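Notes follow once the structure below has been shown.
Rule-based calculations on the coordinates, nothing more; no lab input. Quick caveat, the model's predicted, so the values are computed rather than measured. No Cβ is skipped: glycine too gets one built from the backbone with ideal geometry, and neighbour counts run over all protein chains shown.
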Amino acid sequence: MTRTYSGLPRWVFVPALLGAVFVVLPLVAMTTRVDWSQFGALVTSDSSVAALELSLRTSAASTALCLVLGIPLALVLARTSFRGQRALRSLLLLPLVLPPVVGGIALLYTFGRRGLLGESLDLLGIRIAFSTTAVVLAQTFVALPFLVVSLEGTLRAVGQRYEVVAATLGARPTTVLTRVTVPLVLPGLLSGAVLSFARALGEFGATLTFAGSLQGVTRTLPLEIYLQRETDADAAVALSLVLVVVAVLVVALAQGRGRQWG
């Protein structure tokens, strides 16, 4: 059996182990509080199933929206240079550090009935706030920066040498983008998409502020867990475990695909 030389001092493994325990131990502790005899009944109630289905549907939709908007954004930030680029990047990354409830308030004053755009949309009979669409927009607002950061970093890492060669050989910009750039950055693109999906799946504050908590319409699984925590702690723990399992499956699937494409 061949051992790989890490080149790390031994003391590094101590805080590394503490960090791993810090993350894993609370998850293990949560499993010890699950009432396994009632687990099936707790997670298959009408409200729980509706919340899980809504979370998966809206998270998938917001991830698709992140791809549509985030890929061009990352390309512009990584492949161009213009005045105000740093300021634009800082603004785009603000949702990473802002409290989600602040994002919800910002969205409410943009798309709400008296918002910057919402008032005009309301005259056309389009109401976004406190709807399923509002859930998707709230999730996209907080998840989009994860895709942009991941993909921009990958684009900068792979460089432009293959793109330059393709362009020199006569390939059009769109051909270079679809046949050269995208295949090169697929692992980073996948990682960003998974991070966006995971962030959307766990979104709470912006969703509650902008979309409210209407069962079957805007009440996602994190909101359902919060409400159940106030009335039925066993159901909250069981639903939390379901959310953890879904997240683990998504990350594991992405890592497997990433290794294949890598």
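Brief remarks follow.
- Net charge of neighbours whose Cβ lies under 10 Å from the Cβ of Ser55, counting Lys and Arg as +1 and Asp and Glu as -1: -1
- Most positive-pole-ward Cα, Val14, Ile126, Val217, against dipole of the chain from beta carbon charges: Val14
- Calculated FRET efficiency for the pair Leu249/Thr175, C-beta based, R₀ 35 Å, to 0.05: 0.45
- FRET efficiency, Asp46 to Leu117 (Cβ-Cβ, R0 30 Å, nearest 0.05): 0.30
- Value of Rg to Rh for the stretch 89-194, rounded to two decimals, is 1.15; Kirkwood radius and Rg both from alpha-carbon coordinates.
- Convex hull volume per residue in cubic angstrom - Cα atoms of the chain: 203 Å³
- Exposed loop sites are taken as chymotrypsin sites (Phe, Trp or Tyr not before Pro) in a DSSP loop (any state but H, G, I, E or B) with at most 11 other beta carbon atoms within 10 Å; the longest stretch of the chain without one runs 83-262.
- Full extension of the segment from Val217 to Arg161, taken as 0.36 nm per residue of separation minus the current Cα-Cα distance, would add 15.3 nm.
- Shape parameters for the stretch 140-262, alpha-carbon atoms, Rg then Dmax in Å: 19.6, 66
- Phi angles of the stretch 180-185 translate, via the Karplus equation with coefficients 6.51, -1.76, 1.60 and θ = phi - 60°, into HN-Hα couplings of 10, 5, 4, x, 5, 9 Hz per residue; Gly and Pro are given as x.
- Projecting the Cα positions of Gln85, Gly170, Val136 onto the charge dipole of the chain (unit charges on Cβ atoms of Lys, Arg, Asp and Glu, taken about the Cα centre) puts Gly170 furthest along the positive direction.
- Among Leu124, Leu177, Leu214, the residue with the largest mean-square fluctuation in a Gaussian network model of the chain, with springs joining Cα atoms closer than 10 Å, is Leu124.
- 3J(HN,Hα) couplings calculated from phi for the stretch 17-27 with the Karplus curve 6.51 cos²θ - 1.76 cosθ + 1.60 (θ = phi - 60°) are, in sequence order, 5, 4, x, 5, 5, 4, 7, 7, 4, x, 5 Hz; Gly and Pro show x.
- What the Cα atoms of the stretch 34-106 give is an Rg and a Dmax of 19.3, 61 Å.
- The amide H of Asp232, built 1.01 Å from its N in the peptide plane, has no neighbour under 5 Å, considering only residues 5 or more places off or on other chains.
- The trypsin sites (Lys or Arg not before Pro) of the stretch 1-83 meeting both criteria, a DSSP state outside H, G, I, E and B (loop) and at most 12 other C-beta atoms within 10 angstrom of the site's C-beta, are Arg3, Arg83.
- Neighbours of Leu155, meaning other residues whose beta-carbon lies under 14 angstrom from its beta-carbon, give a summed charge of +2 when Lys and Arg score +1 and Asp and Glu score -1.
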